[in-house]
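I have placed the structure first, in the form of structure tokens, so that the comments after it can refer back to it.
The values are calculated or read from the model by the stated rules, or taken from the named source; none is laboratory data. From a predicted model like this one, the values you see are computed outputs, not experimental measurements. Here the Cβ positions follow ideal geometry from the backbone for every residue, glycine too, while neighbour counts run over all protein chains shown.
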Amino acid sequence: MSVLVLGIETSCDETAAAVVADGRTVLSNVVASQEEIHRRFGGVVPEVASRQHLEALNLAIASALAEAGVGFADLRAVAVTHGPGLLGSLLVGLMAAKSLCLALEIPLITVNHIEAHIYAGLLVEPDVPFPFVALVVSGGHTDIVYAAGHSELRLIGQTRDDAAGEAFDKVARVLGLGYPGGPAIERLAREGNPEAVPLPRAFLEEDTFDTSFSGLKTAVVNYLYRARREGRVNLADVAASFQAAVAEVLVAKAVAAADAHGARALVLAGGVAANGYLRESLLKRARKHGLRVVIPPPVLCTDNAAMVAAAGYYRFLRGDFAPLTANAVAGLSLEESFLKQSFKE
Amino acid sequence: MRFGKGALPGKSEFCTYHNDSHYCQNLGAVMAGAIELETRSDSAEETRMLGERLGRLLQPGDVVALEGDLGAGKTCFTQGVARGLGVAGRVTSPTFVLIREYQGRLPLYHFDAYRLAGPEDLLALGSDDYFEGCGVSVVEWAGRVAAALPRDRLEIELLRVPGEEEARLIRFRATGPRAKGIVEELKRDLRPGD
């Protein structure tokens, strides 16, 4: 009999619930997006975010069960993101998960948001060989993670200033495009020349898998300031050149990390993984290095609960359950999430 | 690092490049105190070093309000403050997560109001508890949430210098005696030859 896990995700913009069987079959994947609300405010408003989660979550869970054609009694566990993220938002999901587990007498599984993004890769291709390297890129994260095994995820590189998705959002703003910035830049970039505007690539030291996007952001601002003064700005060229600069660094760092750690595969995840230019660049480069590349479809790259349920399934197999006293941790690190027997209480 | 008032141009000559955006609607309104200190930085590292010198002086409950356009160096300056507070870990942009906490000689609470709609949103994050706590608070894009900031705060504005991409003018304003004390101490610290 298959193991059904209910996943819950409320760490940031999205209120999401999903039912996944055996960590690989998505029976339902419901995302009540708050993007429309946030677009009006131009970003994430914490108070609005928690309130919306509270209003949307029960409905999302009910829809997830209905779409999957299962009832509460069929669930074997509830997996929930308990960090990193906005504390108030995380708590809404965590409290719902705890209530369900208490009532249904099934185990509670707490999952790290970054871990969940990586498991979107295993959700679509459960036979991804270990060890692999994952590149998780979103508005809040630019993490390169080495995965030796299911219980051994280790952060080996991260941004030293701005996350890649944040750079997309901020550059979109100076270009006068809307929120969210990623899709807007990708659309505009299709009409531009990626080599038209010379922009810096911060590769940092040779032996690091860290990244930096703050200098690139500033370079775009400087360029626009100059170009607008001189009355010659081609926004599509700027968008294309910026996108190419981000992708080049991300791809180079991810492939270098895979090579250095003897990885056999590369998993791309997180909201920015929906960017077509990045996907293609990574595929091209990784193939040359003989790496298998796993890129989940966009719906599993942006925040969703199916990835949480998938990650939860593997913790379920290990008997890695959380006590009902588990807490939400805004700045939760991967290291904390994979310490043996160390539940946050 | 040079500082002094005489040789530097007035505010109107510095570009607030980003002023077409509604994100900066409150810019200017927050920077209300008299200018206590103006200094110039010629590189990101110099900006970081200035932040570090400030960080060494800060005491529990101090609140630093940062203002400046995208890419002006707010996060860079905060990285220096963290260094001065003895924070060992990496300090990254809090834009997405809104607040990050670090542990140093004192705790550092790093806020970013870029994505907030107004002061109520900052309050909703529990900012008062942080401001009155035992750590030091640094708030980026402070102009967006001015009404939620403590009355006595150190305001720091980072401005681009036209025609010089690396250079920044950094202005310190104090809105109360506590902040004024910090600036006096910083001035003594920056004075050459001491």
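Tabulated values for the structure
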{"read-out": "Top-ranked residue of region A:187-230 - restricted to ones that are outside any helix (DSSP H, G or I) and among the β-branched types (Val, Ile, Thr), ranked as farthest from B:Thr75 (Cα to Cα)", "value": "A:Val197"}
{"read-out": "Some residue of region A:139-155 being part of a helix (DSSP H, G or I), within 14 Å of chain B (Cβ to nearest Cβ) and under 16 Å from the mean Cα position of the chain (by Cα)", "value": "no"}
{"read-out": "Sole residue being free of Cβ contacts under 8 Å to residues at least 12 places away in the same chain and under 25 Å from A:Gly149 (Cβ atoms), chosen from A:Gly231, A:Gly270, A:Gly290, A:Gly262", "value": "A:Gly290"}
{"read-out": "Selection count, region B:148-194, where residues are within 17 Å of B:Ala34 (Cα to Cα), acidic (Asp, Glu) and part of a strand (DSSP E or B)", "value": "2"}
{"read-out": "Residue match in region A:223-241 (condition: closer than 29 Å to A:Leu123 by Cβ and modelled with pLDDT of 95 or more)", "value": "no"}
{"read-out": "Residue ranges of strands (runs of 3 or more DSSP E) in region B:52-134 with at least 2 members within 11 Å of chain A (Cβ to nearest Cβ) and more than 16 Å from the chain's Cα centre (by Cα)", "value": "B:99-103"}
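Residues are listed down the side, and each one gets a yes or a no for (1) of a type in the set (Val, Ile, Thr); (2) surrounded by fewer than 17 Cβ atoms within 10 Å (Cβ to Cβ); (3) touching a Cys at 6+ places or on another chain (Cβ under 8 Å):
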{"position": "B:Ala82", "(1), (2), (3)": "no, no, no"}
{"position": "B:His110", "(1), (2), (3)": "no, no, no"}
{"position": "B:Val139", "(1), (2), (3)": "yes, no, no"}
{"position": "B:Arg153", "(1), (2), (3)": "no, no, no"}
{"position": "B:Glu185", "(1), (2), (3)": "no, yes, no"}
